[in-house]
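Peer 1: Sharing a structure, written as structure tokens. Questions coming.
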Amino acid sequence: MQRITYYAGCLLILLLAACSKDKTPPGTASLTIINAVPGSRPLVTNFSGTGAIRYDIANQIPYNLFALANNRFSSYAGRQPLALYQYPDTTDKSQPLFNLMLDLPVGAMRTLFLTGTVSAPDTLFANDAVPFHPMGDSVCGFRFVNLSPGSAPVKVTIQGKSGAPEVSSLSFKGITGFMNYPVNAAQEDYEFVFSDAATGQYIASIVTTYVHNLPAGWPSPWLYQNYTFALVGIPGGTNGQEQKVLSIRY
């Protein structure tokens, strides 16, 4: 009986340790980094600034991709240096594409959008006022950001919806707050369309697949969640630098 109790206790400790890895440690901030620099190679993080890179904790952040394991960090707070190098140029003689000092208050949520071009890099550092959606409110929060260097102001509409646009004019590095949208079985999938604000010329769009007709037994990817839809790429871009909409989950 004592042996069973001992093993049960060990199992409980292991389970608690595993669960703790999914939480932001106390005394830190949440930082999301998005690589929207057209033509850039994967960017290697160095939270020691331009000092030696600790490869055991360094991440590679590819262009125009979002994954929690690559793009989200929860171990830093306060005045935090950050250098980002284009892989594989990560030696002590390499020059970082970005060399920044970030302000990360404890408990804050921030997103660092890396944009511009390889020859003229730029940033947008945003405060993530992410809304909480109580159970019973069948909604999702969406916000929109223009990370397309050289683009004219854009508007955002919903395909098939008449009336005023969701966003009337969003210039380069412009960003909205989160806005709530109904998410339930009766709601059709949203197709958010980015167009030139002045001419109405179509640029790119994204569809919220599985708002409607969610397969039986599947958890909804949208219900009670929050997303940023980012316009990336350059006008007239080719070979992977086309204007597209990147989905970022919070």
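Peer 1: Is at least one residue of segment 117-129 buried (at least 21 other Cβ atoms within 10 Å of the Cβ) and at pLDDT 95 or above?
Peer 2: Within segment 117-129, not a single residue is buried (at least 21 other Cβ atoms within 10 Å of the Cβ) and at pLDDT 95 or above.
Peer 1: Something else now. Which one of these is open to solvent by 40 Å² or more (accessible area, probe 1.4 Å) and among the hydroxyl-bearing types (Ser, Thr, Tyr): Thr238, Thr228, Thr208? Let's see the steps before the verdict.
Peer 2: Numbers: Thr228 fails: open to solvent by 40 Å² or more (accessible area, probe 1.4 Å); Thr208 fails: open to solvent by 40 Å² or more (accessible area, probe 1.4 Å).
Exactly one of Thr238, Thr228, Thr208 is open to solvent by 40 Å² or more (accessible area, probe 1.4 Å) and among the hydroxyl-bearing types (Ser, Thr, Tyr), namely Thr238.
Peer 1: Looking at (1) within 29 Å of Ile61 (Cα to Cα); (2) touching a residue at least 24 places away in the same chain (Cβ under 8 Å); (3) open to solvent by 60 Å² or more (accessible area, probe 1.4 Å), which is the one condition that is false for Ala185?
Peer 2: For Ala185, the exception is condition (1).
Peer 1: Taking segment 209-250 on its own, how many of its residues are among the hydroxyl-bearing types (Ser, Thr, Tyr) and either modelled with pLDDT under 95 or within 29 Å of Thr117 (Cα to Cα) (or both)? Lay out the reasoning, then the answer.
Peer 2: In the first step, residues of segment 209-250 are kept if they are among the hydroxyl-bearing types (Ser, Thr, Tyr); the result is 209-210, 220, 224, 227-228, 238, 247, 250.
When the remaining residues are screened for being either modelled with pLDDT under 95 or within 29 Å of Thr117 (Cα to Cα) (or both), the result is 227-228, 238, 247, 250.
Qualifying residue count for the region: 5.
Peer 1: Give the residue that is modelled with the lowest pLDDT, with candidates limited to residues of segment 42-100 that are over 29 Å from Gln243 (Cα atoms) and among the basic types (Lys, Arg). Write out each step before concluding.
Peer 2: Step one: of segment 42-100, the residues over 29 Å from Gln243 (Cα atoms) are 47-57, 74-81, 91-94.
Next, only the ones that are among the basic types (Lys, Arg) stay: 54, 79, 93.
Numbers: Arg54: 84, Arg79: 96, Lys93: 65.
Restricting to residues being over 29 Å from Gln243 (Cα atoms) and among the basic types (Lys, Arg), the top hit is Lys93.
Here's the yes/no breakdown for (1) open to solvent by less than 60 Å² (accessible area, probe 1.4 Å); (2) on the phi < 0 side of the Ramachandran plot; (3) assigned to a loop (DSSP other than H, G, I, E, B):
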| residue | (1), (2), (3) |
| --- | --- |
| Ile34 | yes, yes, no |
| Ala58 | yes, yes, yes |
| Ser75 | no, yes, no |
| Leu82 | yes, yes, no |
| Pro88 | no, yes, yes |
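Peer 1: Okay, moving on. For segment 149-166, name all the residues that are under 20 Å from Asn64 (Cβ atoms), open to solvent by less than 40 Å² (accessible area, probe 1.4 Å) and not aliphatic (A, V, I, L, M). Let's see the steps before the verdict.
Peer 2: Let us first name the residues in segment 149-166 that are under 20 Å from Asn64 (Cβ atoms), namely 149-151, 154, 156.
Then keep just the ones that are open to solvent by less than 40 Å² (accessible area, probe 1.4 Å); that gives 149, 151, 154, 156.
Answer for segment 149-166, where residues must be under 20 Å from Asn64 (Cβ atoms), open to solvent by less than 40 Å² (accessible area, probe 1.4 Å) and not aliphatic (A, V, I, L, M): Pro149, Ser151.
Peer 1: Here is a further query. Just to be sure I understand, how many residues within segment 115-154 are in contact with an Asp or Glu (Cβ under 8 Å, 6 or more places away or on another chain) and among the aliphatic types (A, V, I, L, M)?
Peer 2: Within segment 115-154, residues that are in contact with an Asp or Glu (Cβ under 8 Å, 6 or more places away or on another chain) and among the aliphatic types (A, V, I, L, M) number 2.
Peer 1: Which residue, of Arg79, Arg41, is touching a Phe, Trp or Tyr at 6+ places or on another chain (Cβ under 7 Å) and among the basic types (Lys, Arg)?
Peer 2: On the way: Arg79 fails: touching a Phe, Trp or Tyr at 6+ places or on another chain (Cβ under 7 Å).
Sole residue among the options that is touching a Phe, Trp or Tyr at 6+ places or on another chain (Cβ under 7 Å) and among the basic types (Lys, Arg): Arg41.
Peer 1: Still on this structure: Could you please let me know if Asp122 is assigned to a strand (DSSP E or B) and acidic (Asp, Glu)? Give the derivation first.
Peer 2: Numbers: assigned to a strand (DSSP E or B): yes; acidic (Asp, Glu): yes.
When the stated conditions are applied, Asp122 passes them.
Peer 1: Which ones in segment 198-208 are at negative phi, out of contact with any Pro (no Cβ under 8 Å at 6 or more places or on another chain) and assigned to a loop (DSSP other than H, G, I, E, B)?
Peer 2: The answer is Thr199, Gln201, Thr208.
Peer 1: Under the condition of being touching a strand residue (DSSP E or B) at 6+ places or on another chain (Cβ under 6 Å) and assigned to a loop (DSSP other than H, G, I, E, B), which residue from segment 209-250 is nearest to Lys173 (Cα to Cα)?
Peer 2: Once the filter is applied, the top-ranked residue is Gly233.
Peer 1: While we're on this one: Tell me, which strands (runs of 3 or more DSSP E) wholly within segment 131-197 include 2 or more residues that are closer than 15 Å to Thr208 by Cα and out of contact with any helix residue (DSSP H, G or I) (no Cβ under 6 Å at 6 or more places or on another chain)? Quick ask: steps written out before the conclusion?
Peer 2: Values: elements: 139-146, 154-158, 167-170, 179-182, 191-196.
Filter on segment 131-197 gives 139-146, 154-158, 179-182, 191-196.
The values are calculated or read from the model by the stated rules, or taken from the named source; none is laboratory data. Keep in mind that this is a model prediction, so the values were computed, not measured. In this analysis, Cβ positions are derived from the backbone assuming ideal geometry, glycine residues included, and neighbour counts consider all displayed protein chains. Accessible surface is based on the protein model in full, side chains and every heavy atom, while ligands, DNA and RNA are left aside. Shrake-Rupley method; radii C 1.70, N 1.55, O 1.52, S 1.80 Å.
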